[in-house]
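Below you'll find the structure, written out as structure tokens, and then a few comments.
No lab work stands behind these numbers, since they all come straight from the coordinates. Predicted, not measured: the structure shown is a model, and the values here were computed from it. Positions of Cβ are backbone-derived with ideal geometry, glycine not excepted, and every protein chain shown enters the neighbour counts.
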Amino acid sequence: MKDYEAVIGLEVHVQLKCDTKMFTRAAYRFGEPPNTLTNPVVMGLPGTLPVLNKRAIELSIQTGLMFGCHIAEVCKWDRKNYFYPDQPKNYQISQFDQPICIGGVVEIELPGPARNVMGEHREVKLTRIHLEEDVGKLTHYENGSLVDFNRAGTPLIEIVSEPDLFSAEEAAAFLNAIRLNMIYAGLSDCDMEKGQMRCDANVSVRPVGSEKLGIRTEMKNLNSISGVRDSVNYEIRRQSKVLEKGGEIFQETRRWNAEQGYTVALRSKEEAHDYRYFPDPDLMPVRVSREWVDCLHAKLPERPFDRQRRYLKDFGLPFTMASVLCQNSELGNFFEEAVTKCNKPLEIGNLVANDLLRELSAGKDAESQGLVLLPIKSGHVAELVKLVEEGVISRQIAQDIFPQMFQTGESPSTIVEKKGLRQTTDMAEIEGVCARIIAENPKPVGEFRAGNEKAINALKGGVMKATRGKANPAMVDKLLRKLLA
Amino acid sequence: MSDLYYQSAAELARLLEKGEISARQLMQSVIDRTHSVEEKIHAFLRFDPDEALVEAEKSDQRRAAGKSLGSLDGIPIGLKDLICVSGQGLTCGSRILENYVSPYDATCAARLKERGAILWGRLNMDEFAMGSSTENSAFQTTCNPWNTECIPGGSSGGSTAAVAAGETIAALGSDTGGSIRQPASLCGVVGLKPSYGLVSRYGLAAFASSLDQIGPITRTVEDSALILQAIAGHDARDSTSFKAHIPDYQAALKAPPRRWKLGLPREYFAEGLDPEIRQAVEKAVDFYKNEGCEIVEISLPHTELALPVYYILAPAEASSNLARYDGVRYTHRSERAEDHVDLYFKSRGEGFGQEVKRRIILGAYVLSSGYYDAYYLRAQKIRTLIRNDFMDAFKKVDALITPVSPTAAFKIGERLDDPLSMYLSDIYTLSINLAGLPAISVPCGFTSKKLPVGVQIIGQPFKEAEMLSIANLYDSTHRFGMEHPEL
């Protein structure tokens, strides 16, 4: 069997994080009762006209800047004409030949050989990013269909890649990277379950070594990353088999059946719509000044993979920790603030990536409020690490009081003083407790003396329990060994 | 006071101001007149005398309380049935919108309301403003008040006929290729098409978005200025609305006359122009000459391309603008549809008339892949050349004088089966829409058969004040729009 290589291009639709619609002030939110977020413009009533949402333009420019696109000095609006009941005007306002962002790259991260080992990074070329309005939502029933226009007119960008992806894994990594960057910069929530990110995949295969692109098929409206991965894999196998048998691939749109795991032909090239694009006479072209772009650029965070590289190099963090800290820009900011106050990146990283995230996910609401609004401050985390470093409290105590710091915003030293958790280093006191625990626990004592090194842990635990964790663990170890010798 | 319904808006404003008449009296006079002549004219699709009288009484109360909203307070103004008024029907002369009620006010309607004008009735029109005779209305054929066997022109024929017959004091129409000026000319009233972007299109059901403008239809140029003042100005809800300073148009009329330099484009006086029309227009030109204006012959070399360019661009935009009338949300829905595609075919098939279908098909064709460059793109380029012709001319002259329509009103039914001859009715008006310029049709006499003739004055972009001043020089001394047909 010949070896075939896949070539994949993706078109990713992302809803921008705007409170109002693309061409009118009607509000947009997910999950409202049907047809409540409409007005005469959304419904395409006679006489209505579109007026641009400036915020949507700004978010699109910022998206372009995150991906290193050229931001067009002038972009314009075109009508894409086709009849469908989810579309109030039966044309969609989009950008045909003068999109807002041109070129650019998306840096992707492939899965590593193991979970804690970073995979390969690669730049995938973009063709363009354009801005358009979303359509409504159809629900089909046995004897009819219902339309909900709440989503109609929502600002939507389409990120179009070059045919520059070569496996289903890369396609998935591309979507993950778009999601990461968009969420990171606050440009979209990219919640695929809410339809905030959707993907069309163009797939073709060719014999390895061939330069010429094969005939492609397109799969529309893939609404999960696994859906993209699975459908692309299916298509690669299907096309390779067809070619292997000397068959022919037809340029067509195919539907992915996620339940059964196969694609099926939907319409051929000949049946494709003629969208009769032409410039929308209701809208003026948009001029984007250098100053505007610079101002928007200044508001963007460092790119997440750039930050990850910095954390690996400058702070020597393990990959998994660096990766977790770079999922969310506020989390990274919080971490770095704490590090400036106490230069122990690994210890702080541990608390932020493990304890803080655990508390955050325990209270889902708090997460949505954002880190800055939480009572816990980066200074407190820095202080906590210092207290451990200085031997004032043990690591265990540090972990124990973290939830209280998180909930109340009290400083760790306040909590330590209030609860009397300061570590005991009084040798005589600790020795007395150790002696008592040895006397009370003949079984582990016997085992330890018989050569079972691990048996000492039970005794240590007993001492720590008796001192409510305040005994200095190193001192306990030393004294126990002395008394058992 | 007799015949209030035939006074000019400006004169009525003076009478109302002095308390010599009440708004109620005026409204009643217009209502009575409408009742007595409407069966001969068929200008209105709907009107509501009770509601109009309530509004008139409110106007009188305001005035009595010293809270008059200005010169338009209490003046009845009719609207062409494609301008939205909240709570009122909006048919656009089409079956497809027969039962549609607008939930909002067009900006121009809101501005008239704010100034106390009484929105009086909904006026007949060619379906979706496509036509030059108002015969393409799905509901009725409007007759020309000067000869009821003739068409009133179109597409704003209901509006111009109502003003000419005394059924309203003034009206608003829309002009995409001549739809205000041509019927104004044929009915012997004043029709103004503003510069593209001067009057908000928000709430005007679109025919061709890059050409459509709303404008006043009145009996005098002075009234035209009065109403333009109320409706002109930037509107944030229309992205093509121009942020221009709006001068005081009435003050411009009162300014001392200037020796204007006026251009006669030779292409507008060539073959196809009815000799009687030519004679009337030349007489108006002579008047300006006698007033000390300099008359210069100029050339607009791309004039003959305007018609084909217009019939590519306007249908292209219309094919897209009218796509929303699909039977899904608010328009006529066919009872016989089998599935959603069939629903489109049958609802639109039943709802649209012949001319609308013709233009939708034409428009979809010129935009389709493989033809776009040859038709649409090329037409856009020629459109620029046409505008350049005018801008070159304006380097030499202040304004242009031309005929409005090559012929006077023709007989009902005469051109129905010949769309091309119908399209030629707009030969002198549609270049102005393509170039985005302001133009006004002013009555300048009658043919031997006592049918009105209009002269067109074409102004420079956003120089409506100058254009009105030139038009008023003629109109204030002739007042053909104040002559009345026998009904």
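In peptide B:338-346, how many Cβ atoms from other protein chains are near each Cβ within 10 Å, on average?
That works out to 2 on average.
By the scheme Lys and Arg +1, Asp and Glu -1, what is the net charge of all other residues having a beta-carbon under 9 Å from that of B:ARG24?
Around B:ARG24, the charge tally is -2.
Within the range B:203-358, how many Lys pairs sit with Cα atoms under 22 Å apart, leaving out pairs fewer than 8 places apart on the same chain?
Close lysine pairs found across the range B:203-358: 4.
Using a 10 Å cut-off on Cβ to Cβ distances, tally the other chain neighbours for every residue of B:316-327 and report the average as a whole number.
Across B:316-327, the average partner-chain Cβ count within 10 Å equals 5.
Which cysteines in chain A lack any other cysteine whose Cβ sits under 4.7 Å from their own Cβ?
When partners are defined as cysteine Cβ atoms under 4.7 Å apart, chain A leaves A:CYS18, A:CYS75, A:CYS190, A:CYS199, A:CYS295, A:CYS326, A:CYS342, A:CYS434 without one.
Report relative contact order for chain A in percent, whole number only (criteria: Cα-Cα under 8 Å, sequence separation at least 6).
Here the relative contact order equals 14 percent.
How far, in degrees from 0 to 90, does helix A:225-244 lean away from the longest principal axis of the Cα atoms of chain A, to the nearest 10?
Taking the Cα atoms of chain A, the angle to A:225-244 is about 60 degrees.
For the range A:13-125, what does the relative contact order come out to in percent, with C-alpha contacts under 8 Å and a separation of six or more?
Rounded, it is 19 percent for the range A:13-125.
Could you tell me the calculated FRET efficiency between A:GLU447 and A:GLN407, based on Cβ-Cβ distance and R0 = 56 angstrom, to the nearest 0.05?
It comes to 0.85.
By a straight-distance test (C-alpha under 17 Å), which aspartates and glutamates pair with B:LYS40 as possible cross-link partners, with residues fewer than eight away in the same chain excluded?
Excluding near neighbours in sequence, the set is B:ASP32, B:GLU135, B:GLU149, B:GLU167, B:GLU486.
For a quick protection proxy, order the peptides B:359-372, B:418-431, B:125-138, B:399-412 by their average other-Cβ count within 10 Å, most packed first.
With the highest mean Cβ count within 10 Å placed first, the list reads B:125-138, B:399-412, B:418-431, B:359-372.
For B:ASP50 and B:LYS289, what does the FRET efficiency come to when R0 = 60 Å and r is the distance between their Cβ atoms, rounded to the nearest 0.05?
Efficiency computed from Cβ-Cβ geometry: 0.70.
Just to confirm a number: summing +1 for Lys and Arg and -1 for Asp and Glu over residues other than A:ARG25 whose beta-carbon lies under 13 angstrom from that of A:ARG25, what do you get?
+3
For a 28 Å ceiling on Cα separation, which of these pairs sit above it: A:LYS377/A:LYS478; A:LYS313/A:LYS418; B:LYS381/B:LYS411; A:LYS17/B:LYS381; A:LYS313/A:LYS341; A:LYS125/A:LYS377?
Flagged as over cut-off: A:LYS377/A:LYS478; A:LYS313/A:LYS418; B:LYS381/B:LYS411; A:LYS17/B:LYS381; A:LYS125/A:LYS377.
Between the range B:177-250 and the range B:321-375, how far is it from one alpha carbon centroid to the other, in angstrom?
29 Å
Which order do the peptides B:217-224, B:258-265, B:388-395 come out in when sorted by mean C-beta neighbours inside 10 angstrom, highest first?
Listed from highest to lowest mean packing, they are B:217-224, B:258-265, B:388-395.
Return the average number of partner chain Cβ atoms within 10 angstrom of each residue Cβ along peptide A:275-285.
6
Which order do peptides B:191-202, A:23-34 fall in by mean Cβ count within 10 Å, highest first?
Top to bottom by mean Cβ count within 10 Å: B:191-202, A:23-34.
Compute the acute angle (0 to 90°) between the alpha-carbon long axis of helix A:168-184 and the principal axis of greatest extent of the alpha-carbon atoms of chain A; round to the nearest 10°.
80 degrees
Which net charge results for the neighbourhood of A:THR408, defined as the other residues with beta-carbon distances under 13 angstrom from its beta-carbon, given Lys and Arg at +1 and Asp and Glu at -1?
That sum, taken over residues with Cβ under 13 Å, equals +1.
Using a Cα-Cα cut-off of under 13 Å, which aspartates and glutamates could be cross-linked to A:LYS76, ignoring same-chain neighbours fewer than 8 residues away?
Partners found: A:ASP97, A:GLU132, A:ASP280, A:ASP282.
To the nearest 0.05, what FRET efficiency results for A:THR36 and B:THR384 with a Förster distance of 45 Å applied to their C-beta separation?
So the FRET efficiency works out to roughly 0.50.
Under the classification rounded if a/c is under 1.5, otherwise prolate if a/b is larger than b/c and oblate if not, where does the range A:301-419 fall, given a ≥ b ≥ c as square roots of the Cα gyration tensor eigenvalues?
Note, shape of the range A:301-419 comes out oblate.
Tell me the relative contact order for chain B as a rounded percent, counting alpha carbon contacts under 8 Å between residues six or more apart.
18 percent
Report, in listed order, any pair from A:LYS212/A:LYS241; A:LYS419/A:LYS460; A:LYS80/B:LYS113 with a Cα-Cα distance greater than 25 Å.
Over 25 Å Cα-Cα: A:LYS80/B:LYS113.
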